[in-house]
């Protein structure tokens with residue numbers, strides 16, 4: 001089949017253009033969702049959004065990208081609801097999701113809205129309050145067990161005693177870190193978001209629309225720790241990213257969205 005495209009430009013037919021040229025025109029915005037297009041195999045001229053939807057429904061498993069139409073194999077496609085997108089089209093596809101609020105390439109009724117910096121900060125604060133309800137009593141009990149405040153002067157001057165205390169404190173800190181990572185992993189995998197995010201109507205998803213596994217959720221917490229270690233710059237990145245991604249979102253291929261756009 002001839003894969004060259006024709007499209008309407010100011011009321012005139014333009015083309016033919018190759019798939020690569022057609023994709024470039026889409027990326028540049030010269031061809032939009034409502035632009036009339038045609039290529040061999042279509043019954044007539046259609047808005048691009050309808051042509052893509054028809055292609056998606058007529059050949060759901062043939063390994064073709066629903067944006068550019070190229071057959072790249074099913075293993076090389078990102079599945080997002082009713083759409084299948086190749087790597088070359090991914091950035092432009094999700095940019096349109098953000099701009100048009102459309103969750104599939106055919107212009108369906110679903111929508112996606114990315115959560116911004118401030119609401120994510122509020123969710124983080126709520127999560128801090130939630131987990132502090134567990135970690136602070138544990139911390140107080142731990143230091144009471146060590147008896148640091150009641151340590152005799154001669155013991156405080158003993159390097160071995162001080163080293164033992166620091167060692168125990170290090171182990172305790174590691175345990176708290178593991179608990180917080182497990183908290184993140186379990187809630188992200190089982191509930192789609194931590195309590196703070198769920199309270200505010202947010203959830204965390206993969207770039208293909210899928211959920212997170214337990215281990216990816218834990219990995220995201222490690223990546224979040226990295227975001228905070230660099231003076232919170234990794235978190236602040238969400239305020240300037242088109243898809244509101246922080247550094248840990250980029251590392252783990254996640255997005256934070258509103259559950260009910």
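FYI, it's all coordinate maths here, none of it is from the lab. The structure presented is a predicted model; accordingly, all values stated were derived computationally and were not measured. Glycine also receives a Cβ, built like all others from the backbone with ideal geometry; neighbour counts cover every protein chain displayed.
Structure notes:
- Between residue 199 and residue 186, the simple label model (points 7 Å from Cα in the Cβ direction) yields a spacing of 1.8 nm.
- With the simple model of a label 7 Å out from the Cα in the direction of the Cβ, residue 233 to residue 176 spans 2.7 nm.
- Cβ crowding within 10 Å, taken as a proxy for footprinting-reagent exposure, orders 78, 257, 236 from fewest neighbours to most as 236, 78, 257.
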